[in-house]
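Heads up, the thing below is written out as structure tokens.
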Amino acid sequence: MAYFSISLELAATIYIQATTLPEADAKLQRIRSKPLDANDRRWFSDASFGSYWLPEISFATAMTILMPTPGAWCQNITFNDVRQLMRSLPEGRKSKVIPRSRDTFGEGETPVFEADLRVTTTGIVSSISLEKAQSLIAEMSLQAVHWEYAGHWFTMDGLNDEKFPLILSPNMTIVGVTPGCALELAWPEEDEDDEADEEFEPTVHTIKPNDCAVDKEIDVVADRLRSHLAGLGDGYAALPDDDLCQIAALLIDYRNRREAQGKWPPTTS
């Protein structure tokens, strides 16, 4: 059995407690392009908004594997390389990146801002060939990485678990904010957001298959989704028409809600 590695991009959500958006952004700038040790639990929290136990700065306890880093390729590595990649680097610990960040902050009253970030790390698979390794990596696209299973994702033990054909180096790097997903208030909700939610109540769960035939916009979006998914291969285009219509309706509903809030089209800053 051989070992192969590739640089991967993941999507992560960060939560920052601050009294204003500029203050939250200043805190975010402190950790951009900085390392992140995924084995340091201080970085992650499942405490709810408004909880006394929510840290000043933390990540959601799940990330999503997106794709290989642009320009990256799968390469053969030795077992010693694997051991080195899976060793947590001390500079990625939260106490090193933001030394005075507190794990109980705001006493459940300070506003919470959130942003979607891109982080990179190295994915590792054990396989009989490069082709098989590349296939396994492709199958992991959009795979959720839950910290409930951190002992499998970020340790050598994961190589022996058939449920985890790919393991991740715990040494991640924050590369920037996802375009269109910059910092915004997550809690408490603003009054205008509440009004927009009432005006544009989601209807995705009540859409019936026959409704799609009369809703031209949903038809158009669903057709574009099918064309896009067909280009991805790996069976994505085999999604049932009903599921595509539900996804299309969700996207349209999201756009309508954001338009009502004056946040559409999304900005790239």
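Each reported figure results from applying straightforward, stated rules to the coordinates on display, with no laboratory input. Keep in mind it's a predicted model, so treat the numbers as computed, not measured. Cβ coordinates were reconstructed from backbone atoms using ideal geometry, including for glycine residues, and neighbour counts include every protein chain displayed.
Here are a few things to note about the model shown:
- Extension gain from R100 to E184, taking 0.36 nm per residue of separation minus the Cα-Cα distance: 27.9 nm
- Around the amide H of M67, modelled in the peptide plane, lie the amide H atoms of E9, all under 5 Å away and 5 or more residues distant in sequence or on another chain.
- Total lysine pairs in the stretch 2-185 at Cα distances under 19 Å, for residues eight or more apart or on different chains: 5.
- Peptides ranked, highest mean first, by Cβ atoms within 10 Å: ranges 136-146, 14-24: 14-24, 136-146
- Simple Cβ-charge dipole of the stretch 65-194, Lys/Arg +1 and Asp/Glu -1, about Cα centre, in debye nearest 20: 1240
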